[in-house]
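The values are calculated or read from the model by the stated rules, or taken from the named source; none is laboratory data. Keep in mind the model is a prediction, meaning the values are calculated, not measured. Methodologically, a virtual Cβ is constructed for each residue, glycine included, from the backbone with ideal geometry; neighbour enumeration extends over all protein chains shown. In case anyone asks, the SASA skips ligands and DNA or RNA and just uses the protein heavy atoms, side chains included. Shrake-Rupley method; radii C 1.70, N 1.55, O 1.52, S 1.80 Å.
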Amino acid sequence: VASFFFIGLMSMMIPLCNVFGGLIAVCLFMGLFDGCFICIMAPIAFELVGAQDVSQAIGFLLGLMSIPMTVGPPIAGLLHDHLGTYDVAFYLAGVPPLIGGAILCFIPWVHERQKLKKER
């Protein structure tokens, strides 16, 4: 969850970098947390769907991730054409990871509720 939040936050900080050293630091942290997210993707999928469906869940996640990675750059180009800057594109790119991180915070709560319902 923390890696998701930091990926979103670092994406939003890219337009704020006025010096090259700041951009390097932001990209370093973004790469670090992106690597953490990729490493924990399999355990998260395992926890959510179980051992039998984990390979299908990872494939589904990667397939879903390919959509914004394919569509995002042309949309950023369109925003640049209309606004004259890429800043809005970077700010908008940071929103989905922040929302995803917030949603992931509720998973333990949902699991706990399901466990309580099974005990009743």
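Structure above, values below:
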{"read-out": "Filter pass, Val88 being in contact with a helix residue (DSSP H, G or I) (Cβ under 8 Å, 6 or more places away or on another chain), surrounded by 12 or more Cβ atoms within 10 Å (Cβ to Cβ) and closer than 26 Å to Phe46 by Cα", "value": "no"}
{"read-out": "Tally, over the stretch 51-70, of residues that are open to solvent by 70 Å² or more (accessible area, probe 1.4 Å) and either within 15 Å of Gly100 (Cβ to Cβ) or part of a helix (DSSP H, G or I) (or both)", "value": "9"}
{"read-out": "All positions within the stretch 1-26 that are in contact (Cβ under 8 Å) with a residue 12 or more places away in the chain and more than 24 Å from Ile44 (Cβ to Cβ)", "value": "Met13, Ile14, Pro15, Val26"}
{"read-out": "Matching residues, the stretch 1-50, being outside any helix (DSSP H, G or I) and open to solvent by 70 Å² or more (accessible area, probe 1.4 Å)", "value": "Asn18, Val19"}
